[in-house]
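Step one of this worksheet: look at the structure below.
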């Protein structure tokens, strides 16, 4: 049996290569500006919902007359603020790129809320969920576990398109599946009939006002290009896949583990 060949002349060559990879990864801690021009695929099974009043919300937001529910927890995470890593300060002068200036979030800072929850209070799925959620069968794990959390959407304002993950329900409603998955328009509410909440990171990437008008649609993950939404978060599909890929690579080279993971 021959000796397996590698593209590196020695373990020291591989170590140098691994350190370059590590330094490159560390540089991603700082937010970078990306303006993707094309998606990974050019067609989608989902259509745009156009001219939707869009408001800004944030992790840690306290109740106001127009937002009576605090955002220290979400519809699917009672410890949302703690798991996110802190208060996602929306003040533009208190942010570093697309991140809050005081910490690096442990979850994707590009998040949104839509006015539907597939889970009923006390557990179990709403009776219509399996019928109206397009990806219900593929995503279903067990009764009472949402199939919506973490789903990717595209948000468009003018020529710019941002991508974000669905992490909460609102504004105001959690039952309007006819709008979220159908052709209905958002219902009237205290925020000018808003049908979409977006995080400060989404707002800033799109150059939105705190309340603005955008288009949005669901996207399959294979449609999402890399951008600032791909860099941070234990719940981020890009981060999860990248970590798995690095883990598999380390397993292929166990004698070089210390050169890659420090």
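Read the figures in this text as sums done on the coordinates, not as results from a lab. Note that this is a predicted model, so its numbers are computed, not measured. Cβ coordinates were reconstructed from backbone atoms using ideal geometry, including for glycine residues, and neighbour counts include every protein chain displayed.
Can you work out which of the residues in segment 191-207 that are in a loop (DSSP other than H, G, I, E, B) and touching a strand residue (DSSP E or B) at 6+ places or on another chain (Cβ under 6 Å) is nearest to residue 179 (Cα to Cα)? Full working, then the answer.
Step one: filter segment 191-207 for residues in a loop (DSSP other than H, G, I, E, B), giving 191-195, 199, 207.
Narrowing the set further to residues that are touching a strand residue (DSSP E or B) at 6+ places or on another chain (Cβ under 6 Å) leaves 191-195, 199.
Details: 191: 16, 192: 16, 193: 12, 194: 12, 195: 8, 199: 20 Å.
Ranking the qualifying residues of segment 191-207, first place goes to 195.
Give the residues of segment 100-123 that are at positive phi and in contact (Cβ under 8 Å) with a residue 12 or more places away in the chain, sorted by residue number.
At the first step, the residues of segment 100-123 found to be at positive phi are 122-123.
Answer for segment 100-123, where residues must be at positive phi and in contact (Cβ under 8 Å) with a residue 12 or more places away in the chain: just 123.
Restricting segment 62-71 to residues that are touching a residue at least 24 places away in the same chain (Cβ under 8 Å) and part of a loop (DSSP other than H, G, I, E, B), which is surrounded by the most Cβ atoms within 10 Å (Cβ to Cβ)? Lay out the reasoning, then the answer.
Of segment 62-71, the ones touching a residue at least 24 places away in the same chain (Cβ under 8 Å) are 65-67, 69, 71.
Then drop every residue that is not part of a loop (DSSP other than H, G, I, E, B), which leaves 65-66, 69, 71.
Values: 65: 6, 66: 14, 69: 18, 71: 22.
Result: 71.
In segment 110-139, which residues are assigned to a loop (DSSP other than H, G, I, E, B), out of contact with any strand residue (DSSP E or B) (no Cβ under 8 Å at 6 or more places or on another chain) and surrounded by 16 or more Cβ atoms within 10 Å (Cβ to Cβ)? I'd like the intermediate steps shown before the answer.
Filtering segment 110-139 for residues assigned to a loop (DSSP other than H, G, I, E, B) gives 110, 115, 117-118, 120-124, 126-128, 133-135.
Restricting the remaining residues to those that are out of contact with any strand residue (DSSP E or B) (no Cβ under 8 Å at 6 or more places or on another chain) gives 120-124, 127-128, 133, 135.
Residue satisfying the conditions is 133 alone.
I'd like the full set of residues that are touching a strand residue (DSSP E or B) at 6+ places or on another chain (Cβ under 6 Å) and more than 19 Å from residue 135 (Cα to Cα), limited to segment 216-245.
229 - this is the single residue of segment 216-245 that is touching a strand residue (DSSP E or B) at 6+ places or on another chain (Cβ under 6 Å) and more than 19 Å from residue 135 (Cα to Cα).
Among the candidates 161, 213, which residue alone is in a strand (DSSP E or B) and surrounded by fewer than 17 Cβ atoms within 10 Å (Cβ to Cβ)? Break it down into steps so the answer makes sense when it comes.
Values: 161 fails: surrounded by fewer than 17 Cβ atoms within 10 Å (Cβ to Cβ).
From the options 161, 213, the qualifying one is 213.
Looking at segment 41-59, which of its residues are surrounded by fewer than 18 Cβ atoms within 10 Å (Cβ to Cβ) and part of a loop (DSSP other than H, G, I, E, B)?
The answer is 41, 42, 43, 44, 45, 46, 47, 48.
Which of the residues belonging to segment 72-102 are buried (at least 20 other Cβ atoms within 10 Å of the Cβ), touching a helix residue (DSSP H, G or I) at 6+ places or on another chain (Cβ under 7 Å) and under 22 Å from residue 116 (Cβ atoms)?
Answer for segment 72-102, where residues must be buried (at least 20 other Cβ atoms within 10 Å of the Cβ), touching a helix residue (DSSP H, G or I) at 6+ places or on another chain (Cβ under 7 Å) and under 22 Å from residue 116 (Cβ atoms): just 74.
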